Amino acid sequence: MMAAAKTSETVKHITYLAGVLKAPRITEAAARLADQARDANWTHEDYLAAVLDREVAARNASGARLRIKAAGFPAVKTLEDFDFDAQPAVRNQITALSSGAFLTEARNIVLLGPPGTGKTHLATALGVAAAGHGHRGLFATATDWITRLTEAHHAGRLAAELAKLRRYGLIIVDEVGYLPFEQDAANLFFQLVSSRYEHASLVLTSNLPFSGWAGVFGDQVVAAAMIDRIVHHADVLTLKGASYRLRGRGIDSLPSIRTTTETEN
């Protein structure tokens, strides 16, 4: 009876201490691991380490969920969900990049390829993996980024906005090249790229090769300067093949810009 009462008092004290530390999961972990520790003759240090390991793991998982939610992904995609059989050439490189090491080196990733080959999925999955490694990120299309920067510029706070964005370890820019930019928009996008150069990472997706970016940004000089900063420290991956959205629909491919241009000529 006395032993049971003492155990009960100890559990209450652990619960109180866990509450003070704002770590309520410690109480559950301590109780769950106590019998295992006694049966396996763990040292006090081993038991304490196991309990704290559970708390740290739970905090990391909770933090990752919050970072993923705050990133603004249109849908949560993971590398486990990706069909690498359709893109075998990039499997090893993407797997290596998922470690998040590129973020600590302020390196960029550029995913090029036709529509429907998985660029957005991979960009999102790398962002999700980065969140799991403790990095904050933001996701938006190129058009949405331009809108955000334009609003900041008109409000006289562009410099502050760029400084704020630079505090994020990862910015994902989806769909570069789907719509052309006006000159002012192109200049704003260049400032975003320039502000992050050698400071923080970008992941960009585009349906166009770099040779087609001048048409998007309306200026060969701006496009060249932008590409130079992006690729200086970057992994450039090219995805190939038909759109996964067309599988089983009797359509082999989508019209390309090259095909359209040749037809018009």
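The values are calculated or read from the model by the stated rules, or taken from the named source; none is laboratory data. Predicted model, so just to flag it, every value in this text is computed and none were measured. Ideal geometry is used to build each Cβ from the backbone, glycine not excepted, and the neighbour counts take in all protein chains shown.
Name the residues in segment 132-166 that are among the charged types (D, E, K, R) and touching a Lys or Arg at 6+ places or on another chain (Cβ under 8 Å), would you? R136, E161, R166, listed by residue number. Would you pick out the residues in segment 157-190 that are surrounded by fewer than 16 Cβ atoms within 10 Å (Cβ to Cβ), acidic (D, E) and assigned to a helix (DSSP H, G or I)? Hit for segment 157-190 is D184, nothing else. Taking the numbered list (1) of a type in the set (G, A, S); (2) closer than 30 Å to A58 by Cβ; (3) surrounded by fewer than 16 Cβ atoms within 10 Å (Cβ to Cβ) in turn, A129 passes all entries but (3). Any residue in segment 224-239 that is under 16 Å from the mean Cα position of the chain (by Cα) and within 30 Å of A57 (Cβ to Cβ)? For segment 224-239, residues under 16 Å from the mean Cα position of the chain (by Cα) and within 30 Å of A57 (Cβ to Cβ): present.
Of all residues in segment 67-99, those satisfying the criterion of being within 18 Å of D235 (Cα to Cα) and crowded, with 19+ Cβ neighbours inside 10 Å are Q87, V90, I94, L97, S98. Set side by side, the residues A58, A49, A29 differ, and just one is buried (at least 17 other Cβ atoms within 10 Å of the Cβ) and part of a helix (DSSP H, G or I), which is A29. Among residues of segment 134-156 being of a type in the set (S, T, Y) and within 21 Å of the chain's Cα centre (by Cα), the one that is surrounded by the fewest Cβ atoms within 10 Å (Cβ to Cβ) is T147. For segment 35-49, check the following and say yes or no: at least one residue is at pLDDT 85 or above and of a type in the set (F, W, Y). Checked against the condition, which is being at pLDDT 85 or above and of a type in the set (F, W, Y), segment 35-49 yields at least one hit.
Does V193 satisfy being free of Cβ contacts under 8 Å to residues at least 40 places away in the same chain, in a helix (DSSP H, G or I) and β-branched (V, I, T)? If you could, list the steps in order and put the result at the bottom.
Numbers: free of Cβ contacts under 8 Å to residues at least 40 places away in the same chain: yes; in a helix (DSSP H, G or I): yes; β-branched (V, I, T): yes.
Criteria met by V193.
Out of V236, V231, one residue alone is under 28 Å from N92 (Cβ atoms) and outside any helix (DSSP H, G or I). It is V236. Residue count for segment 157-196 under the criterion of being of a type outside the set (G, A, S), over 19 Å from the mean Cα position of the chain (by Cα) and under 18 Å from Q220 (Cα atoms): the result is 12.
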